[in-house]
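Read through the structure below, which is laid out as structure tokens, and then see the notes.
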Amino acid sequence: MINEPISFIDFIQDFTTNNCVAYSKTAQYIYENIICREDVRIQMAALSDVGITALSACAIEIEKTCSEPTSDLNLSTKVIRQTIGRMVAASLKPLGYVPYKRGRVNAGENSFFSTAKVYACTGKATQKIIKSIVTLED
């Protein structure tokens, strides 16, 4: 597990304020199935590399998840949004990305997130993203 983002339980225990989502099934779903999803992590890193907030990669998907009738997470609460930001940080840490500066989240259909962190790659990683071009067989 060292090569993956920390588990949801470890995330909760990592920072006192994270307890605000400890019993939220929606928060756990967002962490495990959106923020820590490989394609989202790759997109968050790519956005950070060009100075765009990492959360822009998944803010709309998070908001849609929270708008479901079964959701138990209220994004209008500032501490909840900040906790989601810490989820992003936990997801990017194994890739060597750390919070660098604050930026505006791409608006789109996004209603709740206006600012978030842009991350910088420090090179202190336990995982790396590999992109390659391969020749296709005819």
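Every number in this text was worked out from the coordinates using simple rules, so none of it is lab data. If you're wondering where the values come from, they're calculated on a predicted model, not measured in any experiment. Here Cβ is always computed from backbone atoms with ideal geometry, including for glycine, and neighbour counts include all displayed protein chains.
A few points about this structure:
- Helix 38-49 and the longest principal axis of the Cα set of the chain meet at an angle near 80°.
- The residues neighbouring GLN127, those whose beta-carbon lies less than 15 Å from its own, together hold a net charge of +3 under the Lys/Arg +1, Asp/Glu -1 convention.
- Gain on full stretching of the segment that runs from ASN106 to ALA120 - 0.36 nm per residue minus C-alpha separation: 3.2 nm
- Across the chain, C-alpha contacts under 8 Å between residues 6 or more apart give a mean separation that, scaled by the residue count, equals a relative contact order of 27 percent.
- For the chain: lysine pairs under 24 Å (alpha-carbon distance), excluding those fewer than 8 apart on one chain: 17
- Gain in span if fully extended, THR77 to GLU63, counting 0.36 nm per residue against the direct Cα distance: 3.8 nm
- Cβ-defined net charge surrounding TYR97, 12 Å radius [Lys, Arg +1; Asp, Glu -1]: +4
- Only helices enter the 222 nm calculation for the chain: every DSSP H run of n ≥ 4 contributes -39,500 (n - 2.57), and dividing by all residues gives -10000 deg cm²/dmol, rounded to 500.
- When the P(r) is computed for the chain, the part past 26 Å accounts for 21% of the Cα-Cα pairs.
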